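K.L.:
Quick one: the structure is below, and I'll ask about it shortly.
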Amino acid sequence: MELAGIMIVVIATFAIGTYGVRVARTTSDFFVASRQVGATMNASAICGEYISAASFLGAAGLIMRYGSGMLWLPLAYAAGYLFLLLFVAAPLRRFGAYTVPDFAEGRLDSLVNRRIAMIFVLAIGWFYLLPQMKGAGLTLTVITGSPYWVGVVVVGTVITVNVAIGGMRGITFVQAFQYWVKVVAIGVPALIFITFIHHPNQASLTQPVPPRFANETSVKFDRSVSVEVSEQVRLTGTGVVDGLPLSGPVDLLPGIHTIGKGSRLTLPRGAAVPLVKGTSVNNNERWALPYSLSGNDRPHPLYANGSLLVAQLLGVMGLPHILVRFYTNSDGHTARRTTLFVLCLLGLFYIFPAVHGALGRLYAPRLLMTGSADAVVLILPRLIVGGVAGGILAGLVAAGAMAAFLSTASGLLIAVSGALSQDLLSGSVRDFRRMAVVAGSIAILFGLQVRDIDLNVLVGWAFGVAASSLCPLLVLGIWWRGLSRRGAAAGMLAGGSLATISVLLTMIGVRPGGWLGAILSQPAAITAPLGFLVMVLVSRATTSSVPGAVSAKMVHLHLPEAIGLGRNWRD
Amino acid sequence: MPTRREVVRHPRADAARPSRQDRPAIREMDEQSVAGDVLVQSLIRAQLGLAFAVMALFAIVFGILGLSLALTGGFHGAQVFGVPVTWILLGPPSFAVIAGLGWLYRRQADRNEQDFIDVVERS
């Protein structure tokens, strides 16, 4: 059933993509859909592109583990668009540049700034592709039991081929379609669960007790984990516990225990769930009520959470695959209307992950023991509903998850290969296709390496780099006449490269403790303000490199089209 | 509140209309004269002020919500139909507030632009 759901989404994606490419006639059609897309369609497409594996799967997983403190996460994913509406949407559309590098060049008359912006488009795009690849690998593992790499390679190939043959016109229809697939796939099961299902232990979710297994539960470990046992528990099964092979029942005393890869353990009904060390809140009351961020191995969790929120609020403005969509609006006025629709559509989607997260804690506590809470949305339907109906819901959810990686990864791949083909090659459709294949292959290779990193941590990195590099460039470029070439370059490099370096260090496993570790693993709260600050200070010091004709550029950015002076920056 | 007349224009059609380019204010802006600059700057300032005002509203609403939830432990664990108030408040009402702020901004930003067009047309 799940496989059927996935296949339907893939086939529909290909079909709409191919139909779209037959409609497209010119290169400009191919890249920006010739700005002929209506606001409703465009808003659906923006949401389709935006709601990624981290939102579809990861948000529910985080809420399941940490509880109410994580309810801010979906809110911030939506609120980022409010900031985009306030500071970027209409002026950017009026300026008429296709991409962020175009904006950098057009606003600053500087090829150097264009190149720097392009480097960050590539960095953000690739960081953001990683969680999509991980989501794909995880989903296929949960559904078919296939190894992680199969999902990454299969989904990565589907996306790459579709982007290479479809281009943007096809993608606009595909993305709009996929938004609705995702809303239905997360909303319908959630509504069914809360309407018809009553769990006997429901009340325990707000009481000061640990999560417990409602039934005798067999848990399979496909990697080795350290778990924290809070109450003595008797295990049976096969495998390795604390380095010793299991032979017959064993009693685990409270404390830390390691469970070997490949173990299959059975825990009795009513047992307190041993949680993966330091990754979840162990007390349901603390989980349900605000700021249950303790019980968590990240240093300074409040900073980490706050920094992620900063990244989300500011990062949306700098996401290259989202920005390119704003050029498909017909004018600045429509760009605002589209963004407002986006806020509504995102609100509709993001109210649902909390339902899955909360029910996951009741029905699927074993995920807290194996450390794969990101899979909660996928496995709930069969656990809660069961039978044929459960199978159909599971198929629906799998289709939604597939839509999530397909759409976000396609958008990213277009942004990345667009930047590569226009800046390194001649910018023809052929180059675009070639670059799509290159960029897609690299994403698959790196996607294989990030299996053990939380989806939302991965996404937080992409948002953090965007918030620290392209966001200051866009906001200051749009609103401040005093921005100089050197200022813009220095700001992007300071904020963006510090954010990138922190992310890379964390990725290769440099994770010091204390404040340094907290900042390295979630740098945006420091690097985004730094990007703005450096941009302003250096601009002030280098007024000689303020580009000429700033007034004309401000006219292009801000004057309503009705006045009749708005021109494309290339004119 | 007095009803506003909605003026529906297609940008291209307007651009093609020759008479508008003759408006002195539009010529000033096109030529980036000092007077034209002042005019453009007034629009930018109005829009930026509006953006900061809405951002401040956002910060105030969610700052108060976050602080009151944190300080009272989610209003002392109060529940409605068995669901903690925290989970309800951070759900649909918060998304509605965000969309509402967006709506407020869009209405006001469009008004600023219409006022600007009116000023220019009268010149």
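K.L.:
Could you grab me the full set of residues in region B:93-120 that are within 30 Å of B:ARG23 (Cα to Cα) and within 9 Å of chain A (Cβ to nearest Cβ)?
P.N.:
Hits for region B:93-120 are B:TYR105, B:ARG106, B:ALA109, B:ASP110, B:GLU113, B:GLN114, B:PHE116, B:ILE117, B:VAL120.
K.L.:
Does A:SER218 meet the test of being within 30 Å of A:LEU396 (Cα to Cα), under 29 Å from the mean Cα position of the chain (by Cα) and not basic (Lys, Arg)?
P.N.:
Considered against the rule, which asks whether it is within 30 Å of A:LEU396 (Cα to Cα), under 29 Å from the mean Cα position of the chain (by Cα) and not basic (Lys, Arg), A:SER218 comes out as no.
K.L.:
Please go through region A:361-406 and pick out each residue that is buried (at least 23 other Cβ atoms within 10 Å of the Cβ) and within 14 Å of chain B (Cβ to nearest Cβ).
P.N.:
The one that is buried (at least 23 other Cβ atoms within 10 Å of the Cβ) and within 14 Å of chain B (Cβ to nearest Cβ): A:ARG361.
K.L.:
Please list, ordered by residue number, the helices (runs of 4 or more DSSP H) wholly in region A:450-516 having 3 or more residues that are under 22 Å from the mean Cα position of the chain (by Cα), in contact (Cβ under 8 Å) with a residue 12 or more places away in the chain and under 18 Å from A:ILE116 (Cβ atoms).
P.N.:
The helices (runs of 4 or more DSSP H) meeting that bar are A:455-468, A:470-479, A:497-507.
K.L.:
Also, quick follow-up: Somewhere in region A:380-395, is a residue at negative phi, at pLDDT 90 or above and among the β-branched types (Val, Ile, Thr)?
P.N.:
no
K.L.:
On to the next question. When you go through A:LEU71, A:LEU57 one by one, which is the residue that is assigned to a helix (DSSP H, G or I), touching a helix residue (DSSP H, G or I) at 6+ places or on another chain (Cβ under 9 Å) and within 12 Å of chain B (Cβ to nearest Cβ)?
P.N.:
The conditions single out A:LEU71.
K.L.:
Do the conditions hold for A:ARG336, that is, is it more than 9 Å from chain B (Cβ to nearest Cβ) and either assigned to a helix (DSSP H, G or I) or buried (at least 22 other Cβ atoms within 10 Å of the Cβ) (or both)?
P.N.:
Spelling it out, it is not the case that A:ARG336 is more than 9 Å from chain B (Cβ to nearest Cβ) and either assigned to a helix (DSSP H, G or I) or buried (at least 22 other Cβ atoms within 10 Å of the Cβ) (or both).
K.L.:
Please verify whether A:THR172 is in a helix (DSSP H, G or I) and either more than 14 Å from every other protein chain (Cβ to nearest Cβ) or small (Gly, Ala, Ser) (or both), treating the condition exactly as stated.
P.N.:
yes
K.L.:
Next question, about the same structure. Are any residues in region A:92-105 surrounded by fewer than 24 Cβ atoms within 10 Å (Cβ to Cβ) and modelled with pLDDT of 90 or more, and if so, which ones?
P.N.:
A:GLU105, the sole residue that qualifies.
K.L.:
Let me ask something else about it. Could you list, in sequence order, the residues of region A:38-63 that are touching a residue at least 60 places away in the same chain (Cβ under 8 Å), more than 12 Å from the chain's Cα centre (by Cα) and farther than 15 Å from A:ILE322 by Cβ?
P.N.:
Answer for region A:38-63, where residues must be touching a residue at least 60 places away in the same chain (Cβ under 8 Å), more than 12 Å from the chain's Cα centre (by Cα) and farther than 15 Å from A:ILE322 by Cβ: A:ALA39, A:THR40, A:MET41, A:ALA60, A:GLY61, A:LEU62, A:ILE63.
K.L.:
If the requirement is being within 14 Å of another protein chain (Cβ to nearest Cβ) and more than 30 Å from A:LEU378 (Cα to Cα), which of these qualifies: A:LEU122, A:LEU92?
P.N.:
A:LEU92
K.L.:
Here is a further query. Exactly one condition in (1) of a type in the set (Ser, Thr, Tyr); (2) surrounded by fewer than 17 Cβ atoms within 10 Å (Cβ to Cβ); (3) out of contact with any Gly (no Cβ under 8 Å at 6 or more places or on another chain) is false for A:SER497; which is it?
P.N.:
(2)
K.L.:
Go through (1) more than 10 Å from every other protein chain (Cβ to nearest Cβ); (2) over 16 Å from the mean Cα position of the chain (by Cα); (3) more than 12 Å from A:THR40 (Cα to Cα); (4) surrounded by 24 or more Cβ atoms within 10 Å (Cβ to Cβ) and name the single condition A:LEU319 misses.
P.N.:
The failed condition is (2).
K.L.:
Related question: Could you tell me whether A:GLY548 is within 14 Å of chain B (Cβ to nearest Cβ), surrounded by fewer than 17 Cβ atoms within 10 Å (Cβ to Cβ), at pLDDT below 90 and not in a helix (DSSP H, G or I)?
P.N.:
yes
K.L.:
Which residues, taken from region A:119-158, are over 15 Å from A:GLY400 (Cα atoms) and among the hydroxyl-bearing types (Ser, Thr, Tyr)?
P.N.:
If the condition is that a residue be over 15 Å from A:GLY400 (Cα atoms) and among the hydroxyl-bearing types (Ser, Thr, Tyr), then A:TYR128, A:THR141, A:THR144, A:SER146, A:TYR148, A:THR157 are the ones that fit.
K.L.:
On to the next question. Residue under question is A:LEU345, and the condition is that it be more than 11 Å from chain B (Cβ to nearest Cβ) and of a type in the set (A, V, I, L, M); does it hold?
P.N.:
no
K.L.:
Here's another thing I want to ask about it. For region A:225-241, name all the residues that are surrounded by fewer than 13 Cβ atoms within 10 Å (Cβ to Cβ) and assigned to a loop (DSSP other than H, G, I, E, B).
P.N.:
Result: A:GLN232, single match.
K.L.:
Right, something else. Considering only region B:53-82, how many residues are modelled with pLDDT under 85, at the interface with another protein chain (Cβ under 8 Å from one of its Cβ atoms) and either assigned to a helix (DSSP H, G or I) or surrounded by 15 or more Cβ atoms within 10 Å (Cβ to Cβ) (or both)?
P.N.:
Matching residues across region B:53-82 total 5.
K.L.:
Give the residue that is modelled with the lowest pLDDT, with candidates limited to residues of region B:17-52 that are at the interface with chain A (Cβ under 10 Å from one of its Cβ atoms) and not in a helix (DSSP H, G or I).
P.N.:
Ranking the qualifying residues of region B:17-52, first place goes to B:ARG17.
K.L.:
Pick out the one residue from A:SER426, A:SER441 that is modelled with pLDDT under 85 and of a type in the set (S, T, N, Q).
P.N.:
A:SER426
K.L.:
Please state which of the following conditions A:SER426 fails to meet, knowing it meets all the rest: (1) assigned to a helix (DSSP H, G or I); (2) free of Cβ contacts under 8 Å to residues at least 12 places away in the same chain; (3) among the polar types (S, T, N, Q).
P.N.:
It fails just one condition, (1).
K.L.:
Restricting attention to region A:274-320, report how many residues are within 29 Å of A:LEU86 (Cβ to Cβ), modelled with pLDDT of 80 or more and part of a helix (DSSP H, G or I).
P.N.:
Total meeting the criteria: 17.
K.L.:
Another question, then. Is it the case, given these coordinates, that B:LEU90 is buried (at least 17 other Cβ atoms within 10 Å of the Cβ), under 30 Å from A:LEU71 (Cβ atoms), over 26 Å from the mean Cα position of the chain (by Cα) and at the interface with chain A (Cβ under 7 Å from one of its Cβ atoms)?
P.N.:
Criteria not met by B:LEU90.
The values are calculated or read from the model by the stated rules, or taken from the named source; none is laboratory data. Predicted model only: the values in this text are computed from it and were never measured. Cβ: placed from backbone, ideal geometry, glycine included. Neighbour counts: every protein chain shown.
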